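S.K.: Starting off with a structure, shown below.
A short reminder: the numbers here are calculations on the coordinates, not readings from a lab. A quick note: this is a predicted structure, and the numbers were derived from the prediction, not measured. All Cβ positions, even for glycine, are placed from backbone atoms using ideal geometry, and neighbour counts span all protein chains on display.
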Amino acid sequence: MAEVLARRAFHDAGLGDRVTVSSVGTGDWHVGNGMDARAAAELAAHGYDTGHVASQLSPGDHDADLVVALDTGHRDHLRRAGVDPGRIRLLRSYDPRAHEHGAAGADVADPYYGDDSGFTRTRLQITAALPGLVAEVRELTG
């Protein structure tokens, strides 16, 4: 969901031709599969593309200018995998209201084991952080 939402946000901000957005998993559980049907339904209901296919983190991903993790577990995995910690950010660190939820506010909720409403909550958490992410990337790209 985050890749699809971020790609649209960068496009809408006029940065789509200067920013490459990709999404990878920390494990190989879903490699080659399309997105969860509940995620696809949530995105489709709001006019987003649902054609994402899962892939796994590879050494080539370590060279990205910015690596955005959805939760602290992913961030820690990225660090152990050798991604430069200075390039890693938590997505919700760009949401000015996330801190209102304490430590739990650092992570985007994982809706996978819940019901459909979890995917709505996840979409809203991601979209709340995107203006801040877009602003930082705009600054970095000049």
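S.K.: What range in the chain is the longest one free of chymotrypsin sites (Phe, Trp or Tyr not before Pro) that are in a loop by DSSP and have at most 15 other Cβ atoms within 10 angstrom?
M.R.: Values: sites that count: Trp29, Tyr112, Tyr113.
The segment 30-111 is the longest one with no such site.
S.K.: Hey, another quick one. Each residue of the range 34-41 in turn: what ³J(HN,Hα) in whole Hz from Karplus with 6.51, -1.76, 1.60 and θ = phi - 60°, glycine and Pro shown as x?
M.R.: My calculation for the range 34-41 gives x, 5, 3, 4, 6, 5, 4, 5 Hz in order.
S.K.: Once the Cα gyration tensor of the chain is diagonalised, what are the square roots of 5 times its eigenvalues, in whole Å and ordered largest first, as equivalent ellipsoid semi-axes? Before the final figure, lay out the partial values.
M.R.: Working: eigenvalues 84, 67, 60 Å².
With the √(5λ) rule applied to the chain, the semi-axes are 21, 18, 17 Å.
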